[in-house]
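Take a look at the structure set out below.
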Amino acid sequence: MIKIRFYIRFTTKFGQSLLLKTNIPDKEGKFTEQTVEMRCLNETFWEYSIGIDEKIQGTIHYKYLLKNADGKLSSELYDGKTIDAGKITAEEINVIDTWNFEGQAENAYYTAPFQEVLFPPQKPFTKPQPYRGSTHIFKVKAPLLAKNEVLGLLGSSPQLSEWDTTNPRWMSREDNWWTVKLNLSNEVFPVAYKYAIFDGKTKGFIRYEDGDNRLLNSGNKKSVTILHDGFIHFNTPWRGAGVAIPVFSLRTQKSLGVGEFTDLHLLTDWAHKLDLRLIQLLPINDTSDTGSWQDSYPYNAISAFALHPIYLNVELLARKEDAQVIRTLQKKRRELNKLAEIDYESVLEYKWKIIRELYQLQKNELFSEEAYRSFFEENSGWLVPYAVFCSLRDKNKTANFRQWKQHGIYDRKAVEKIMEGKNKLADEAGLHLFVQYHLHRQLKAAVDYAHKKGIVLKGDIAIGVSRNSCDVWMEPSLFNTDMQAGAPPDAFAAQGQNWGFPTYNWENIQSTGFEWWRRRFIQMGNYFDLFRIDHLLGFFRIWSIPVTQVDGVMGRFVPAIPVHINEFARKGISFEYSRFCDPYITDDILNELSEGFAGSLFPFLDDNGDGTYALKKEFSTQALISGHFGNAEPTEENKRIKSILFYLVSNILLFEEEGSGGQHFHFRIGIENTSSFRHLDGQTQYQLEQLYNDYFFHRQNERWSDQATDILRALKASTNMLICGEDLGMVPACVPEVMYQLGILSLEVERMPKQTGWEFFNPAFAPYMSVITPGTHDMSTIRGWWEEDREKTQHFFNNELQHPGLAPYFCEPWINKAILIQHLYSPAMWSIFQLQDILGIDGKLRRQMPDEERINVPAIPRYYWRYRMHLTLEQLLKEKDLNTEMSSYIELSGR
């Protein structure tokens, strides 16, 4: 019988305990997963012992769990802790472990960007040693070793070379662990030791790990001690810089009126020249819903898996024998590339014309290719339904499948039958298979090229999908189609935002093991090394707007613990349903809104006979009002009336929770901005504010934290991409802690401080596990921001840049440069800049008008996403002064 003792250093709080989860073998040698309670030896040491038959062969896997006083469990991140039963011959095995905290920064280095591109595994330096004769097995993780760097072990005893750096105990890499097996049975304990880095070619000493010596206290001939020492100690974390730009914004001599996947090759060359290590893109999924410029919005995908056809380089598809098809391409290229911005509809119209002709010429040959068949088999689960969905969309002239005469309800067998047919519908579906295959090839080639240059790609996973998407068509139970996702009012959108996406039915999604989301992450992992989760806050709670309303201000957070009707009474508030839950409309309010011309509003109102009015039933929601005015002449008067009616609908204080029988209520956000609130007496206002603040800022935190932790931990486990959260806006107090615990990078923006009372966020205070940036695609560039608010600019100039006197009216190149340098020296893991902001440091290269550089304005619901860089990447590569200057800043900052 072999006795195995598990020891772990861990400091617990009162009421907490540690559990061991392992596949303990029984007497017959059958490995069965069990979770057992450990024994507390002292304040920092926990122990558990088992006995196994010495004849048992196999690998024992294990990890540790923390049990809180309330019974909730949290786990360390599994890092491959194992015991090779049968290979270790000893009477006793002592395992001394280190808890692998999931949020520890070093765990990020085992994700795809680091392990596959920035610090890929090297060829083995030494072969793993045999177990025979070993009394101690040292294991440590060192994910950031440079090329040809290896580890050695040195210490105070003779077997550890007595700190002789010319004769270390060489270590070999086994999975994620650097390991060495030694016989220390004749040593005098305790023994001090350290891990050190060496040049694997010259075997020369480079440096010791940082910090105090490690200490080994015991050992004997009859036992084997396994030390899982966690991470090698380095006090200098890795930092990198990157550039952010949408694919559609790229411009090269070869592109066709819009950026294409093939343009990423030149962007990679330019990034490499500047020592940038990352390229960040916006979502690249197909958004072809209406067939108009409104589909330029990249976050409204009709498929969470398909790529957008606009990014296809159609010239590359043409063979020599297809030359006649692209005979007009050069002329069209010159025409479209002369435009300062993207003509979305013209580009797509021309591309689809070329694609359709090439498809008819190539389809028979393509569908028999082995590479295509392999692509089809790997992706058929989403690819076939998507292709059929697109053909049905085009046949019915709408993506709104609820309006289709046939196939409006998804049926897998019916879809397969269409795909196998010999008719026009099947041929149209084949066209979309053709397009997706070539998009995949062109993007994959660009990704592989970037990786060879040591550059990683960061994607963007949208929080939602279009309600007219293939995903909603296929799996409607995963979505709440009677609701719309959005965002509450903020500095960028006074009425909030309504994105139009259906919200998620997390209960149904969780019942499938998050299968749809897992597939999304796997698909994204085909092209990206890390990704930004758009609106990460939506995993905690989503801003949910009924489809009967239009403005984001008419939404509320879901899930949310409501206010019970009795809570109003306890606050001394006289609760009157119609006063709090219905639009509050009086003559004074009408005159105030209409500036004395209220008569034009009366046709939309019923007189309640008590000095108040109610909206007529046919105008009781914003959707009904919008429908009415959608058919009316768009005069200034009609626009004014519509705007006032929208306000009146929102002039409420509470939403009743559906199905609560008038017992539960949710606050409308920003009640203090409503005339309904202003017309209350001061005492009622005060008491309502107390409830309001509790509702939004206190009572929800635990529930939101639990939901997000469950969802994000499950999703994180399905991918090895590094996850970055977009955690801007109205951030609940629980968000930073959840992100910290899960090791998700935060987003820090200088002009959007998360700290109460701060006017700006200083990049020097950014946490390491974060991305720091001067601005995102939803914001103006540095130059545009500088001109937006003169007072803020002056404060920034004096307090943040620490320059005295009057701030320049325009953002001169040196100011733009100073802001970039601020960010480069930040402790954040990644410093990422919009390409426009990099160009901003050169007065000759940047655009004359900064407002022409903006990608999106969130306050405009139907914005045309058409920004395109004004220089070609070929030109940019030749700009020696800019490239040398920016490269030197990056090098000097240590990134």
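The values are calculated or read from the model by the stated rules, or taken from the named source; none is laboratory data. Source: prediction; values computed, not measured. FYI the Cβ positions are ideal-geometry reconstructions off the backbone, even for glycines, and counts take in every protein chain you see. Keep in mind that these areas ignore ligands, DNA and RNA; they rest on the heavy atoms of the full protein, side chains included. Shrake-Rupley method; radii C 1.70, N 1.55, O 1.52, S 1.80 Å.
Over the range 509-560, what portion of Cα pair distances is larger than 12 Å, expressed as a whole percent? Working shown, then result.
Numbers: 984 of 1326 pairs.
Percentage above 12 Å: 74.
For a quick check: with amide H placed at 1.01 Å from N, whose amide H comes under 5 Å from Leu605's, ignoring anything fewer than 5 positions away on the same chain?
Lys616
Computed from the mean reciprocal separation of all distinct C-alpha pairs, what Kirkwood hydrodynamic radius does the range 414-474 have, in Å? Intermediate values should be presented prior to the final figure.
Values: mean 1/r = 0.0680 Å⁻¹.
Computed over Cα pairs of the range 414-474, the Kirkwood hydrodynamic radius comes out at 14.7 Å.
How large is ³J(HN,Hα) for each residue in the range 634-646, as worked out from phi by the Karplus curve 6.51 cos²θ - 1.76 cosθ + 1.60 (θ = phi - 60°), to whole Hz, x for Gly and Pro?
Rounded to whole hertz, the list is x, 7, 4, 5, 5, 4, 5, 5, 4, 4, 5, 5, 4.
Which one of Ile93, Asn23, Asn42 has its Cα pushed farthest toward the positive end of the charge dipole of the range 18-124, where Lys and Arg give +1 and Asp and Glu give -1 at the Cβ?
Asn23
Based only on Cα atoms, what Rg/Rh ratio does the range 327-459 have, Rh being taken as Kirkwood's radius?
Details: Rg = 17.4 Å, Rh = 17.2 Å.
So for the range 327-459, dividing Rg by the Kirkwood Rh gives 1.02.
Can you work out the FRET efficiency for the pair Ala491 and Gln794, with r the C-beta to C-beta distance and R0 = 22 Å, to the nearest 0.05? Could you put the intermediate results ahead of the total?
Working: r = 18 Å, r/R0 = 0.83.
In this case the efficiency is close to 0.75.
Students often check this: by mean Cβ neighbours within 10 Å, which of 175-184, 594-603 ranks highest, and how do the rest follow? Intermediate values should be presented prior to the final figure.
On the way: 175-184: 18.9, 594-603: 12.5.
Per-residue Cβ counts within 10 Å, averaged per peptide and sorted highest first, yield 175-184, 594-603.
Provide the packing ranking of 654-667, 550-563, 258-271, 90-103, i.e. peptides ordered by the mean count of other C-beta atoms within 10 Å per residue, highest first.
Working: 654-667: 15.7, 550-563: 21.2, 258-271: 23.1, 90-103: 18.8.
Per-residue mean Cβ counts within 10 Å order the peptides as 258-271, 550-563, 90-103, 654-667.
Any idea how many Lys pairs in the range 608-737 come in under 30 angstrom at the alpha carbon, given 8 or more places apart or on separate chains?
So the count of such lysine pairs works out to 4.
Rounded to a whole number, what is D in µm²/s for the range 1-118 from Stokes-Einstein with the Kirkwood radius over alpha-carbon pairs (4 °C, 1.567 mPa s)?
On the way: Rh = 15.6 Å.
Using the Kirkwood radius from Cα pairs, D works out to 83 µm²/s.
Is there a quick way to get the dipole size of the chain? I mean about its Cα centre, with the Cβ of Lys and Arg at +1 and of Asp and Glu at -1; what is the value in debye to the nearest 20?
Details: 100 positive and 114 negative charges, 652 e Å.
The calculation lands at about 3140 debye.
For the range 363-373, in order, what is each residue's ³J(HN,Hα) by Karplus, 6.51 cos²θ - 1.76 cosθ + 1.60 with θ = phi - 60°, in whole Hz (x at glycine and Pro)?
Here the 3J(HN,Hα) series is 4, 5, 5, 5, 5, 9, 6, 5, 5, 5, 4 Hz.
Rg and Dmax of the range 73-195, using alpha carbons, in Å: what are they?
In order Rg, Dmax, the Cα atoms of the range 73-195 give 15.7, 47 Å.
Specify the inter-centroid distance of the range 795-813 and the range 588-613, based on alpha-carbon positions, in whole Å.
49 Å
Could you pull out every one of the aspartates and glutamates with an alpha carbon less than 13 Å from that of Lys397, ignoring same-chain neighbours closer than 8 positions?
Lys397 reaches Asp289.
Which whole-number value in Å² is the accessible area per residue of the chain, probe 1.4 Å? Could you put the intermediate results ahead of the total?
On the way: 39200 Å² over 895 residues.
About 44 Å² of surface per residue is accessible.
Could you work out how much longer the chain between Asn217 and Glu341 gets when fully extended? Use 0.36 nm per residue separation minus the Cα distance between them, nm to one decimal. Provide the component values of the computation, followed by the final result.
Details: separation 124, 0.36 × 124 = 44.64 nm, distance 6.91 nm.
37.7 nm is the gain from fully extending Asn217 to Glu341.
Beta carbons within 10 angstrom, averaged per residue: use that to sort the peptides 709-718, 492-501, 843-852, highest first.
Values: 709-718: 17.1, 492-501: 20.7, 843-852: 13.9.
Highest mean packing first, the order is 492-501, 709-718, 843-852.
What is the projected area of the convex hull of the Cα atoms of the range 588-650, averaged over all directions, in nm²? Could the numbers behind the result be given before it?
Numbers: hull surface 16.6 nm².
Answer in nm², one decimal: 4.2.
For the range 261-314, what does the convex hull of the Cα positions come to per residue, in cubic angstrom?
Numbers: hull volume 5.1 nm³, N = 54.
Looking at the range 261-314, the number lands at 94 Å³ per residue.
Suppose we keep just the alpha-carbon trace of the chain; what are its Rg and Dmax in angstrom?
Considering the chain through its Cα atoms, Rg and Dmax are 31.2, 101 Å.
P(r) for the range 244-371: what percent of alpha-carbon pairs falls in each 10 Å bin, starting at zero?
Result, from short to long distances: 12, 38, 36, 14, 1 percent.
Mind checking the full-extension length gain between Ala371 and Gln663? Use 0.36 nm per residue of separation minus the Cα-Cα distance, one decimal, nm.
The span from Ala371 to Gln663 would gain 99.0 nm if fully extended.
Taking 0.36 nm per residue of separation and subtracting the Cα-Cα distance, what length does fully extending Asn608 through Arg356 add?
On the way: separation 252, 0.36 × 252 = 90.72 nm, distance 6.17 nm.
Value of the extension gain: 84.6 nm.
Could you point to the residue in Pro488, Gly454, Trp517 farthest towards the positive end of the range 447-541's charge dipole, with +1 and -1 charges on the Cβ of Lys/Arg and Asp/Glu respectively?
Gly454
Give the residue from Leu256, His228, Asn183 lying farthest towards the positive end of the charge dipole for the range 170-301; charges sit on Cβ (+1 for Lys and Arg, -1 for Asp and Glu) and the dipole is referred to the Cα centre.
Highest projection toward the positive end goes to Asn183.
Set the bar at 29 Å for Cα to Cα. Now go through Lys273/Lys351; Lys338/Lys424; Lys273/Lys444; Lys21/Lys458 and name every pair that lies beyond it. Walk me through the intermediate numbers first.
On the way: Lys273/Lys351 32 Å; Lys338/Lys424 37 Å; Lys273/Lys444 22 Å; Lys21/Lys458 35 Å.
Distance filter (> 29 Å) returns Lys273/Lys351; Lys338/Lys424; Lys21/Lys458.
If a paramagnetic tag sat 7 Å from the Cα of Phe45 along the Cα-Cβ line, which residues of the range 175-210 would have the backbone N under 17 Å from that point?
Backbone N within reach: 189-192.
Please go through the residue pairs Lys181/Lys222; Lys127/Lys203; Lys353/Lys452 and name each one whose alpha carbons sit more than 23 Å apart in this structure. Don't skip to the answer; put the middle values down first.
Values: Lys181/Lys222 15 Å; Lys127/Lys203 16 Å; Lys353/Lys452 35 Å.
Flagged as over cut-off: Lys353/Lys452.
Give me Rg over Rh for the range 630-731, both radii from the alpha carbons and Rh done the Kirkwood way, two decimal places.
Across the range 630-731, the Cα-based Rg/Rh ratio is 1.13.
Under 15 Å Cα-Cα from Lys878, which aspartates and glutamates qualify once same-chain neighbours fewer than 8 residues away are excluded?
Once the sequence-local aspartates and glutamates are set aside, what remains near Lys878 is Asp269, Asp842.
Relative to 2.2 N^0.38 Å, what does the C-alpha radius of gyration of the range 297-346 come to as a ratio? Two decimals please.
Values: Rg = 14.0 Å, N = 50, 2.2 N^0.38 = 9.7 Å.
Its radius of gyration relative to the 2.2 N^0.38 Å reference: 1.43.
Could you size up the charge dipole of the range 79-221 around its Cα centre, putting +1 on the beta carbon of Lys and Arg and -1 on that of Asp and Glu, and report it in debye to the nearest 20? Don't skip to the answer; put the middle values down first.
Values: 17 positive and 18 negative charges, 115 e Å.
It works out to roughly 560 debye.
How big is the range 659-712 in terms of Cα radius of gyration and Dmax, in angstroms?
14.5, 44
What is the Rg over Rh value, at two decimals, for the range 821-895, using alpha-carbon atoms and the Kirkwood definition of Rh? Present the calculation step by step, with values, prior to reporting the outcome.
On the way: Rg = 14.6 Å, Rh = 14.3 Å.
Value, to two decimals: 1.02.
Calculate, axis by axis, the spread of Cα positions in the range 730-769 along the three principal axes, and write the results as whole Å, longest axis first.
Sorted from largest, the Cα extents of the range 730-769 read 28, 21, 11 Å.
Taking every DSSP beta bridge with both residues inside the chain, roughly what % is antiparallel (nearest 5)?
Details: 76 of 119 bridges.
Around 65 percent of the beta bridges assigned by DSSP in the chain are antiparallel ones.
Could you give the alpha-carbon Rg of the range 127-249 over 2.2 N^0.38 Å, rounded to two decimals?
On the way: Rg = 17.3 Å, N = 123, 2.2 N^0.38 = 13.7 Å.
Dividing the Cα radius of gyration by 2.2 N^0.38 Å gives 1.26.
Using a basic spin-label model with each label point 7 Å from the Cα along Cα→Cβ, how many nm lie between Gln253 and Ser75?
Result for the modelled spin labels: 5.5 nm.
Taking all protein chains in place and a 1.4 Å probe, what share, in percent, of the accessible surface of the range 480-614 do carbon and sulfur account for? Before the final figure, lay out each step's value.
Values: 2760 of 5550 Å².
Carbon-and-sulfur percentage of accessible area, whole number: 50.
Over the chain, what is the relative contact order in percent, taking alpha-carbon pairs closer than 8 angstrom and at least six residues apart?
Numbers: 1630 pairs, mean separation 100.8, N = 895.
About 11 percent, as a whole number.
Hey, what's the per residue convex hull volume over the C-alpha atoms of the range 740-817, in cubic angstrom? Walk me through the numbers on the way to the answer.
On the way: hull volume 8.5 nm³, N = 78.
About 108 Å³ per residue, rounded to a whole number.
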